[in-house]
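Take a look at the structure below.
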Amino acid sequence: MDHLFRRKRVGLLKPLLSLSLVFASFLMIHKLKMSEKDAVGVKHMRDAGWCGSECFSFKKATVETSVENSDSPVPLLDTQRVSNGTPASWDAQVLNCSEDASVRTQDWFRRLDPRFHQFVLHRHCRYFPMLINHPEKCADGEVHLLMVVKSVIEQHDRREAVRKTWGKEHTVDGKKIRTLFLLGSPTTGKDTKNLQKLIEYEDLIYGDILQWDFMDTFFNLTLKEVNFLKWFDIYCPDVQFIFKGDDDVFVNTHNLLELVGFKVEESKEADLFVGDTISKAIPIRNRQSKYYIPKELYDKPYPPYVGGGGFLMSSQLARRLFVVSEDLELYPIDDVFLGMCLQKLHLSPELHPGFRTFGITRRRVSSMNSEPCFYKNLIVVHKLSAQELLKMWSVVHNEELVCALRTSI
């Protein structure tokens with residue numbers, strides 16, 4: 001298969017453009033460092049493990065859009081079309097959320113693995129101020145499919161690859177596809193100020209980033225879920241479907257739209273939640289695992305849930321998930337938390353063989369995981385680097401690619 005991945009000569013234009021972008025980024029950083037004025041009026045909050053040393057008495061103005069002095073008016077939203085009393089704009093601008101000291105007196109907390117202490121002490125801290133907002137993203141007419149991608153600030157190359165492939169905003173047969181990336185704040189110890197300036201510059205170019213002022217850590221992935229669900233309920237009254245996934249997956253948008261079409265024809269879109277379903281799972285007790293959960297935190301089987309690498313849901317269900325999520329305690333594994341929300345609605349996610357969030361085979365060394373014809377016929381495949389995604393996208397969409405067809409007589 002190596003011959004399929006050889007690079008074509010594209011001349012000097014592409015490298016020159018890349019160098020220009022890098023130079024412009026550094027130039028902007030230098031200029032911004034010479035000024036005390038923050039481009040979006042944001043004061044950063046920092047503290048080990050949660051949100052920041054100043055976040056418990058904090059006020060800021062909502063960033064309605066990252067593009068300043070725009071001549072384009074932001075369309076007004078229908079304030080009557082939000083569920084559960086949701087405000088018509090993002091209202092989490094003052095965060096006064098100290099730790100729940102009463103938890104420290106509980107015997108189970110004393111036995112709890114220390115790495116979970118900050119999560120449990122601040123589990124009631126649910127909604128956070130926005131650093132970058134795009135309320136206009138869904139308001140520009142009816143959006144058929146909203147592609148929502150979980151990312152972190154440092155993964156610029158992955159976002160670029162997604163924008164050039166399955167996350168490209170376009171219209172297919174009159175159906176609008178729009179894309180958003182969900183981010184938190186840089187974690188402690190990093191060059192947070194310059195990283196923030198870079199992400200603001202990136203958003204100035206593309207206008208597709210939502211960012212909240214909580215640290216972008218593994219345990220805080222659930223915060224991305226609940227903050228996005230609230231954001232969606234406020235700003236996206238006319239969106240029909242949501243694809244939500246990671247920035248390191250391959251998505252065959254043509255097959256995804258076909259699946260949406262089938263569900264609409266069958267009138268099964270109201271409760272649509274489909275992906276790579278995991279059933280009868282139990283918490284992992286191996287302390288070395290990324291997904292380790294101590295018994296003190298959760299000690300029963302998980303409800304059915306889908307792998308967070310990529311799944312599809314209807315807007316109707318997303319709004320219902322938002323409502324029930326507000327009555328559930330946050331859980332440190334975001335995939336499982338959504339499964340808990342579905343369980344509260346007495347629903348189970350639908351298993352679809354086209355979603356392969358663990359790869360085509362679970363063995364990364366398998367040659368099947370790099371076979372383009374699988375990608376041509378599947379919907380979601382996890383997991384690829386930015387370079388692998390760009391190469392695979394190019395090969396799969398090459399008209400000269402011929403895949404064997406299964407026939408029956």
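No value in this document is a laboratory result; all are computed from the given coordinates. Small disclaimer: the values here were computed from a predicted structure and weren't measured. Because the Cβ atoms are built from the backbone with ideal geometry, glycine has one as well, and the counts that use them run over all protein chains shown.
Estimate the FRET efficiency between residue 204 and residue 110 by the formula 1/(1 + (r/R0)^6), using the beta-carbon distance for r and 51 Å for R0, to the nearest 0.05.
0.60
Quote to one decimal, in nm, the extra length available between residue 281 and residue 91 on full extension: 0.36 nm per residue of separation minus the C-alpha distance between them.
64.7 nm
Need one number: nm distance between label points at residue 371 and residue 327, each 7 Å from Cα along Cα→Cβ, rounded to one decimal.
4.7 nm
Could you give the nm distance between label points at residue 299 and residue 124, where each point is 7 Å from its Cα heading toward the beta carbon?
Using points 7 Å along Cα→Cβ, the separation is 2.4 nm.
Work out, step by step, the length gained on full extension between residue 98 and residue 403: first 0.36 nm times the residue separation, then minus their alpha carbon distance; give nm to one decimal.
Fully extending the segment from residue 98 to residue 403 adds 104.0 nm.
Pop the C-beta distance of residue 117 and residue 385 into the FRET formula with R0 = 45 Å and round what comes out to the nearest 0.05.
Calculated transfer efficiency: 0.85.
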